Amino acid sequence: MAWLKKTDVKSKIPGNLKLNIWTRCPACQAHIYKQEWEKNLKVCPKCNYHGGITCTERLDLLIDPGSFEELYPDITPRDTLNFKDEKGSYENKIKETISKTGLNEAVITGYGKINNRKVALAIMDFRFLGGSLGSGTGEKIFQTAMAAVEHHLPYIIVSASGGARMQEGMLSLMQMAKTCTGIAQLKKKNLPYLSVLTDPTSGGVSASYAMMGDVNIAEPGALIAFAGRRVIEQTIRQKLPDNFQTAEYLLEQGFIDIIVNRKNMKDLIGKILDFNQRK
């Protein structure tokens, strides 16, 4: 008979040691100290996998401290179609998501400074209904583009989205044209528009403003696509390359301009803006 019971061992473990101090990389399955994971901006130190981050974390990464001024915080989704499915109503889903994330839409917009240069920016957050493009999302992105034109500012959009928001039907699809119209106004005024594509950027977002940048920048390994891989393979009846729809594949094909690690993103954007200013 064992002289030491498991219950006795557990009872003597200090409370702070019971906390889970490890996380596992979704890509290479390596175990990483959570503290190291956070310090490394949620990038795996073993394989360079870039994990998802919130819009607030992205702001802290890109913008000079204390420089952010939010625009249009009161724009929220509307259940115009009274959409319901087996999981419940869209209206309830909106309320739950707002309560859970503290966000009013899938994008946060405003002004900020990058290396002391003022910019307009929109940063999507995948936690809010998969970063889907709804009427409120499109309105915020469009209005911020107009603010950039009015104040003669560069515009930066960081995309993280599963595509159009199906609960809004055609109203969601209309945002593709609407946001592209806003970007077109920037180009008329010769104002720089930088698009940052993160994992994932897909569907109606990848088919509209996300791929319209004067410079299209992606994080390593980001999924960038329109239709799903399986749908394409079944349609064309061919096996696609293993790295199909990754940032690296799109760089080879000329769809994006550069891939940059998260920790270097702010410096790269700053250099691009400085170059444009010297012109």
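Values quoted throughout were computed directly from the atomic coordinates according to the rules given, and no laboratory measurement underlies them. Remember, it's a predicted structure, so these values are computed and weren't measured experimentally. Cβ placement follows ideal geometry from the backbone for every residue including glycine, while neighbour counts extend to all protein chains displayed.
Observations on the model:
- Cys residues of the chain that find no other Cys beta carbon under 4.7 Å: Cys55, Cys180.
- Each of Asn82, Phe126, Thr137 was scored by the projection of its Cα onto the charge dipole of the chain, and the greatest displacement toward the positive side belongs to Phe126; charges sit on the C-beta of Lys, Arg, Asp and Glu.
- Cross-link pairs beyond the 24 Å C-alpha cut-off, checked among Lys189/Lys271; Lys93/Lys118; Lys140/Lys188; Lys34/Lys87: Lys93/Lys118; Lys34/Lys87
- Dipole orientation for the chain: of the candidates Tyr193, Cys28, Phe244, Cys28 has the Cα lying most toward the positive pole (charges on Cβ; Lys, Arg +1; Asp, Glu -1).
- Most simply put, the chain has about 50% antiparallel DSSP beta bridges, counting only bridges with both residues inside it.
- Simple label model, 7 Å out from Cα along Cβ direction - Gln238 to Asp267, nm: 4.0
- Three-way shape label, the stretch 166-279, alpha-carbon gyration tensor, a/c 1.5: oblate
- Degrees, to the nearest 10: 90-101 long Cα axis against longest axis of the chain: 70
- Cα-based Rg and Dmax for the chain, where Dmax is the largest Cα-Cα distance (Å): 21.2, 83
- For the stretch 50-278, the dipole from Cβ point charges (+1 on Lys and Arg, -1 on Asp and Glu) about the Cα centre works out to 260 debye, to the nearest 20.
- Note: relative contact order over the chain, using C-alpha pairs below 8 Å and six or more positions apart, is 13 percent.
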